[in-house]
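Okay, so here's the structure we're looking at.
Bear in mind that the values in this text are calculations on the coordinates, not laboratory data. Since we're looking at a predicted model, the values are computed, not measured. Note that each Cβ is placed from the backbone with ideal geometry, even for glycine, and that neighbours are counted across all protein chains shown.
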Amino acid sequence: MARNYKSPDQEIKKGLYLVSTPIGNLSDITLRAIDILKKSDYILCEDTRVSKILLEKYEIKAKLISNHKFNEKKVLPNVLELLSQGLIISLISDAGTPGISDPGSILINECVKKHIDIIPVPGPSSVLSAVSISGFSERFFFYGFFPEKKKLLIEDLKNLSYLNSSIVFFVSSKKIKKIIPFIQKNFYERKILICREMTKYYEEFIRTEVDQLDRCNFKLKGELTIVLSEKKNDKKVSQILNESDKKIISKMINKLSIKEITSLINQNNKISKKEIYNYCIKLKNEN
């Protein structure tokens, strides 16, 4: 493949640059990213305190503008005015590629409307890094952060459960325990990879089955990247519980754990674990 190489001494196009920054290890930044940031008149960043650590390491002295989800509409007119003057402005996030589950979409859309050049500077990505080591299907759906509203969460996960591809989520370690029941209800038969502190000193990768999640002793910190495997294709598995199975489950519901019941019924009748699990939850709620 032909490559269009420009030396660091050449001028760069005027416009908005979306510059990917390291997701943890500061050494992961690209040479081009450093070059673009050094040539920028202004750099938009989420948290100036976080960005200064990276910028000082590589002796980048461009002026900083705070641009986060609480003020991005307020600073928008000023940024558009600077861009209209032909200045070079870079947008970075605290980590990874800006505009992906981070502030930036409002500015990007306005630049599109005003025909201002938007140039991506690719680099580190927690999504691609997680999928690449998962061992799951390379076909994946990126969802991002879980919604705060329970109704929306239930609706979205139900729809996602029909996708036969890997699915990637972001979640705060503080919320993982609250999310587990929703993941188990919709993706009970899948495998899961939980990535913590990727590329950092304490990076950790937890591989398990979704139905084993409630047994994990989570002592996690920071933002997590979660990858769910594709659906299992088992033509012998039935999706319907018959009345006999339901009666057996009703008798065992107060004697055995949901996992034990699910395993027992699935082993004997080859019924979908998800179907058994959801029926057990229904009985528990009725009681």
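Beyond 30 Å between alpha-carbons counts as too far, so tell me which of LYS191/LYS284; LYS14/LYS174; LYS232/LYS282 fall in that bin. Where the Cα-Cα span goes over 30 Å, the pairs concerned are LYS14/LYS174. Projecting the Cα atoms of GLY99, ASN78, VAL168 onto the charge dipole of the chain, computed from C-beta unit charges around the Cα centre, puts VAL168 farthest toward the positive end. The Cα center of the stretch 196-229 and the Cα center of the stretch 112-189 differ in position by 14 Å.
The order of PHE142, PHE169, going from fewest to most other C-beta atoms within 10 Å of their C-beta, is PHE142, PHE169.
Distances between placed amide hydrogens fall under 5 Å for LEU224 paired with VAL171, SER172, SER173, all partners being 5 or more residues away or on another chain.
Distances between placed amide hydrogens fall under 5 Å for ILE119 paired with LEU16, TYR17, LEU18, all partners being 5 or more residues away or on another chain. Above 30 Å lies some portion of the pair distances; for the chain, what is it as a whole percent of all C-alpha pairs? Above the 30 Å cut-off, the chain has 44 percent of its Cα pairs.
Residues GLU230, GLU56, ranked from the fewest to the most other C-beta atoms within 10 Å, line up as GLU56, GLU230. In order along the stretch 193-202, the Karplus-derived 3J(HN,Hα) couplings, from 6.51 cos²θ - 1.76 cosθ + 1.60 at θ = phi - 60°, round to 10, 10, 10, 10, 6, 4, 6, 9, 4, 9 Hz, and Gly and Pro are given as x.
Taking other C-beta atoms within 10 Å as the exposure proxy, LYS57, LYS74, LYS219 rank LYS219, LYS74, LYS57 from fewest upward. Helical runs (DSSP H, four residues minimum) scored at -39500 (n - 2.57) apiece and divided by the length of the chain put the mean residue ellipticity at 222 nm at -11500 deg cm²/dmol. Here the label points at GLU260 and THR208, each 7 Å from Cα along the C-beta direction, are separated by 1.9 nm in the simple model.
One Cα centroid belongs to the stretch 26-88, the other to the stretch 245-279; the line between them spans 55 Å.
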